[in-house]
Amino acid sequence: MSDDCCGPVKTAPPPVPTADVCCDAAAAPGETLELEDRAPWWRDRSLALPLAAGVLWVAGLLLVWTGLDLAGLVVHALALAAGAWTFVPGTLARLVQGRGLARLGVGLLMTLAALGAVLLGHVGEAAALAFLFSLAEALEDRSMDRAKQGLRSLLALIPETARVSRATGPESVPAAELRTGDVLLLGAGDRVATDGVILEGRSWLDTSAITGESIPVEVGPGDEVHAGSLNGSGSMSLRATADGRDNSLTQIVRLVDQAHAAKGERARLADRIARPLVPVVLVVSALVALVGLVTGEPGTWIERALVVLVAASPCAMAIAVPVTVISSIGAASRFGVVIKSGAAFEQLGTIRTVALDKTGTLTRNKPEVAEVATAEGRRREEILALAAALESSSSHPLASAVLAAADATGESAAQAAEVQESSGRGLTGQVAGRAIRVGSPRWIAPGPLATRTEDMAARGMSLIMVEEDGRVIGALGVRDELRPEAASTVAALHAQGIRTVMLTGDHALTARAIAEAAGIDEVHAEQLPAEKAAHVRRLAAQAPTAMVGDGINDAPALASATVGIAIGVTGTAAAVESADVVFTGTELQQLPAALAHARRGRRIMTGNIALALAIMVVLFPLALLGVLGLAAVVLIHEAAEVVVIANGMRAARTGGGVRGRREVSARSGTAQRSGVPVG
């Protein structure tokens with residue numbers, strides 16, 4: 001079911017066979033892809049143990065503070081067990097099954113540090129490490145799992161059944177059973193069940209879900225169509241060029257999942273530091289213990305080896321990243337930027353290239369009549385009134401743009417009679433006894449307006465011709481207009497030294513016109529979702545790249561980017577869930593503000609990590625030489641943690657991020673008042 005003016009009506013997702021996004025295996029015949037809704041955080045079992053570890057750790061501190069040392073020790077042991085259970089088994093499994101440095105990581109270092117603290121009698125310290133690390137890991141895993149849920153909206157675009165022409169007559173079959181070569185029958189308002197080539201009939205197709213093109217395209221015999229496209233009022237037959245289980249939309253599902261899987265393998269900053277550090281700490285500790293066996297003082301040297309382990313403990317590092325990340329993410333949310341994970345925050349501060357979708361991101365996604373060309377002696381208001389008289393009875397998506405433009409003139413609406421629609425071409429009717437035709441330039445030759453219409457088309461407009469009694473009297477240029485703040489936002493990105501690129505499925509002429517108005521130099525038009533994703537991967541290989549979009553067709557590119565950014569929570573679920581960052585509003589000027597804020601937070605985080613490493617570098621030789629005992633090492637660690645926490649909380653101040661946003665907003669307001677050109 002669909003609304004031709006407003007687009008597809010959302011329905012429950014049908015059972016569509018495709019690749020299993022959880023297991024990366026193809027579903028067997030008859031199986032369906034089912035995605036369970038992710039539970040709210042307070043009911044998420046993966047968070048239960050880390051939260052329990054935190055509660056028990058705090059309870060143990062209170063018990064020790066009140067003098068109940070034994071009870072506090074027991075509770076801290078329980079906290080340690082709860083937190084360690086979330087990462088120690090996985091760490092040991094990776095140590096056994098992994099290869100090379102991939103076996104190592106901050107998880108192993110945390111495991112060893114906790115073990116050393118326990119052996120030296122500091123169970124509370126070990127419990128704190130386990131709690132902090134388990135919570136950070138659980139939040140990362142949750143953010144990755146959420147990404148898969150956005151695939152529901154992709155699958156909802158494939159109809160459950162399709163009408164196929166058989167020798168015995170039309171037959172309705174499940175979409176999953178379609179095969180290459182089948183002849184599909186498409187009625188008004190139907191969704192295309194799989195990719196194909198039109199054999200007979202003409203119509204208009206809403207392809208926005210696949211190509212991102214905001215304005216419907218006219219199609220006829222020989223034209224290719226993609227699964228998920230929405231048919232207009234015409235009837236057509238098409239020959240399938242892809243199976244129902246392997247078409248444009250199912251490929252998008254696989255692309256999104258593969259991109260997230262690849263992104264999940266990227267090492268975080270803490271892991272990149274820990275990998276070379278772990279073997280050094282292990283070797284030195286083992287050598288220290290071995291010295292004790294050689295010298296005949298095993299007790300002293302084994303204890304010193306454990307002190308070395310605690311000295312090399314990444315306590316401050318374990319806190320440095322989460323505190324800074326949580327502070328930065330919380331501050332960003334106050335100005336409408338939701339950062340889904342710590343890894344996304346780390347990467348957001350490194351962005352040097354921004355790829356932007358056109359429709360709904362740089363433009364309003366609301367086609368408007370941008371220009372009216374009139375024949376000699378005819379008025380603009382008259383042309384709009386005649387076109388609106390016929391379009392008022394049409395379900396074509398551009399009809400609303402014509403009606404809105406006619407209403408804005410304030411002229412009384414004309415009344416049309418005997419209106420008939422020619423599928424994929426236009427409308428005919430009678431207005432005050434005159435024969436009026438409204439439709440495509442391929443149906444109504446521009447005639448004396450040819451020069452004007454060519455210029456309008458070159459500036460990215462879709463044309464609607466108006467004819468009266470066989471003579472062309474006008475042409476309407478319809479375009480999805482640039483957002484008022486787009487040009488100033490792009491200028492702000494360039495001022496930060498960030499390269500901008502437009503990726504869109506729209507026509508090249510339209511894309512170039514919008515890019516020129518926005519100030520974007522590099523444009524790649526007529527891109528299908530897979531092509532967008534491939535281009536984003538190429539950009540990301542050159543420099544950290546953010547992809548900004550809001551449509552289903554953007555989902556693979558968002559998932560493939562270093563950081564995917566979805567504009568507006570009202571965007572499609574696939575875009576919002578595939579993205580790493582979501583803007584709760586539709587204000588494009590949030591983009592440079594968010595990037596500036598992330599860079600500041602990353603600088604603070606890097607400073608914290610540097611401090612944590614410096615503490616470890618200083619303590620390591622002092623512990624090794626026996627200059628510092630356990631008490632001194634623990635005291636210095638605790639002091640460093642306080643400093644790191646205080647520094648990390650500085651990221652909670654929005655500072656430059658909000659100032660940047662205000663500056664961009666001010667420039668945007670100036671642009672609106674001066675009337676930013678749109679081509």
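The values are calculated or read from the model by the stated rules, or taken from the named source; none is laboratory data. All of these numbers come straight from a predicted model, not from anything done at the bench. Please note: Cβ atoms are built from the backbone with ideal geometry, for glycine as well, and neighbour counts cover all protein chains shown. With ligands, DNA and RNA removed, areas are computed over all heavy atoms of the protein, side chains included. Shrake-Rupley method; radii C 1.70, N 1.55, O 1.52, S 1.80 Å.
What residue among VAL369, VAL431, ALA385 has its Cα farthest toward the positive end of the dipole of segment 344-444, where the charges are +1 on Lys, Arg and -1 on Asp, Glu, each on the Cβ?
VAL369
Compute the length gained on full extension between ALA458 and ARG379: take 0.36 nm times their separation in residues and subtract their Cα-Cα distance, giving the result in nm to one decimal. Provide the component values of the computation, followed by the final result.
On the way: separation 79, 0.36 × 79 = 28.44 nm, distance 2.35 nm.
That works out to 26.1 nm of additional length.
For the pair ALA417/ASP69, report the inter-label distance in nm, with labels modelled 7 Å from Cα in the Cβ direction.
Between ALA417 and ASP69, the simple spin-label model gives 10.4 nm.
Compute, for segment 442-566, the length of the dipole vector about the Cα centre, with Cβ point charges of +1 (Lys, Arg) and -1 (Asp, Glu) only. Units Debye, rounded to 20. Mind dumping the intermediate values first?
Numbers: 11 positive and 16 negative charges, 74 e Å.
Roughly 360 debye, rounded to the nearest 20.
For LYS366, LYS532, LYS340, give me the order by solvent-accessible area with a 1.4 Å probe, most accessible first, ignoring ligands, DNA and RNA.
Final ranking, largest accessible area leading: LYS366, LYS340, LYS532.
Let's test the formula: R0 of 60 Å, r as the Cβ-Cβ distance of GLU526 and LEU62. What FRET efficiency results, to the nearest 0.05? Numbers along the way, then the final one.
Working: r = 64 Å, r/R0 = 1.07.
Efficiency, rounded to the nearest 0.05: 0.40.
Mind checking the full-extension length gain between LEU613 and THR241? Use 0.36 nm per residue of separation minus the Cα-Cα distance, one decimal, nm. Please list the in-between numbers first.
Numbers: separation 372, 0.36 × 372 = 133.92 nm, distance 5.81 nm.
Working it through step by step, the gained length comes to 128.1 nm.
Calculate the FRET efficiency for GLU171 and TRP85 from the Cβ-Cβ distance with a Förster distance of 51 Å, rounded to the nearest 0.05.
On the way: r = 56 Å, r/R0 = 1.09.
Efficiency at R0 = 51 Å is approximately 0.35.
Treating only the Cβ atoms of Lys and Arg (+1) and Asp and Glu (-1) as charged, compute the dipole magnitude of segment 322-425 about its Cα centre; round to the nearest 20 debye. Show your work: numbers first, answer last.
Working: 10 positive and 12 negative charges, 143 e Å.
About 680 debye.
For GLU224 and LYS366, what does the FRET efficiency come to when R0 = 30 Å and r is the distance between their Cβ atoms, rounded to the nearest 0.05? Don't skip to the end; give the middle numbers.
On the way: r = 27 Å, r/R0 = 0.91.
Computed FRET efficiency for GLU224 and LYS366: 0.65.
Taking only C-alpha pairs under 8 Å that are 6+ residues apart, what is the relative contact order of segment 441-556 in percent?
On the way: 137 pairs, mean separation 22.5, N = 116.
Relative CO of segment 441-556 lands at 19 percent.
Test of understanding: what is the full-extension gain from ALA541 to LEU199, defined as 0.36 nm times their sequence separation minus their Cα-Cα distance? Write out the running numbers ahead of the final one.
Working: separation 342, 0.36 × 342 = 123.12 nm, distance 4.16 nm.
Gain on extension, ALA541 to LEU199, equals 119.0 nm.
Would you mind working out the magnitude of the charge dipole of segment 380-423 relative to its Cα centre, with +1 at each Lys and Arg C-beta and -1 at each Asp and Glu C-beta, to the nearest 20 Debye? Can you show the working numbers first?
Values: 1 positive and 7 negative charges, 18 e Å.
For this selection, approximately 80 debye.
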